[in-house]
Ligand SMILES: C[S@@+](CC[C@H](N)C(=O)[O-])C[C@H]1O[C@@H](n2cnc3c(N)ncnc32)[C@H](O)[C@@H]1O
């Protein structure tokens with residue numbers, strides 16, 4: 001089977017941008033925080049945790065967060081960031097190298113309060129997205145939330161994927177395929193078993209911010 005070009009492309013990306021992104025939280029995770037706080041419990045997973053800026057923010061807001069990223073370079077940088085936090089804060093965080101779907105497959109059912117995924121679904125195939133979303137649904141507790149952010153399908157760079165990370169600055173001819181998301185594609189993924197809480201288009205950045213909830217099982221019918 002051909003080698004997956006995505007992890008080395010992301011390694012190159014993180015090796016190039018280290019120090020340029022800053023450690024401040026993304027606008028997305030600040031938007032996501034009230035949804036995460038609406039769920040009982042504090043156990044979260046961030047898939048594609050990158051250099052750890054949002055993972056650190058969630059830890060500082062009282063959550064316990066496991067991050068997973070298939071770029072070992074990203075994980076190296078995020079561990080450096082964790083080491084700068086107060087010991088009682090960083091103790092609630094853990095980051096490891098791995099594939100998001102495989103990582104979720106190793107977790108028990110119905111226990112997470114939230115799963116966060118910021119701008120990584122673009123390089124998943126439809127089959128991979130289906131498997132990932134089903135894994136998120138299985139691991140969330142009833143009422144748990146999936147907060148996700150994807151590039152929209154009128155993004156100005158959709159015709160120039162060689163300029164979109166992780167391709168930006170990468171070797172020519174090795175571009176990683178990208179998907180840009182329509183509303184209906186977002187709705188189809190939510191329809192795998194979630195309830196839509198919010199979908200917010202961000203016109204200036206061409207992102208969709210999405211909040212989905214695992215349905216709370218209906219109470220037993222009254223006798
Ligand atoms: C655009 S970056 C976002 C990183 C981080 N959320 C942030 O905003 O700083 C996407 C990250 O997802 C990771 N990634 C992409 N596909 C993945 C997969 N299947 N499993 C694990 N990590 C993945 C990449 O290595 C990359 O670090």
field: Residue among 31, 148, 14 with the largest mean-square fluctuation in a Gaussian network model of the chain, springs linking Cα atoms under 10 Å
entry: 31
query: Of the residues 24, 170, 193, which exhibits the maximal mean-square fluctuation in a Gaussian network model of the chain defined by a 10 Å Cα contact cut-off?
result: 24
- prompt: How far apart, in nm, are two points set 7 Å out from the Cα along the Cα-to-Cβ line at residue 109 and at residue 188?
  reply: 2.8 nm
task: Set the Förster radius R0 to 35 Å, insert the Cβ-Cβ distance between residue 96 and residue 204 as r into 1/(1 + (r/R0)^6), and round the FRET efficiency to 0.05.
output: 0.55
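So how do 129-137, 199-207 stack up, highest first, on mean other-Cβ count within 10 Å? Mind showing how you got there, number by number?
Working: 129-137: 19.9, 199-207: 13.7.
Sorting 129-137, 199-207 by mean packing, highest first, produces 129-137, 199-207.
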- line: GNM on the chain, Cα springs under 10 Å; top mean-square fluctuation among 161, 45, 68 goes to 161
statement: The Kirkwood hydrodynamic radius of the stretch 71-154, taken as the inverse of the mean 1/r over all distinct Cα pairs, in Å, comes to 14.5 Å
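Using just the helices of the chain, give the 222 nm mean residue ellipticity in deg cm²/dmol: DSSP H runs with n ≥ 4 each add -39,500 (n - 2.57), and the total is spread over all residues, rounded to 500. It would help to have the intermediate numbers written out before the result.
Numbers: 8 runs with 75 residues, N = 223.
Only helices count here, giving -9500 deg cm²/dmol.
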- prompt: In angstroms, what radius of gyration and Dmax does the stretch 1-117 have, counting Cα atoms only?
  reply: 14.1, 44
- line: Counting all Cα-Cα pairs in the chain, those more than 30 Å apart amount in percent to 20 percent
statement: From the Cα centre of the stretch 184-205 to that of the stretch 68-96, the distance in Å is 29 Å
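The numbers here are math on the coordinates, done by the rules we state, and not lab data. Please read these numbers as outputs of a predicted model, since none were measured by experiment. Positions of Cβ are generated from backbone atoms using ideal geometry, with glycine treated the same way; all protein chains shown enter the neighbour counts.
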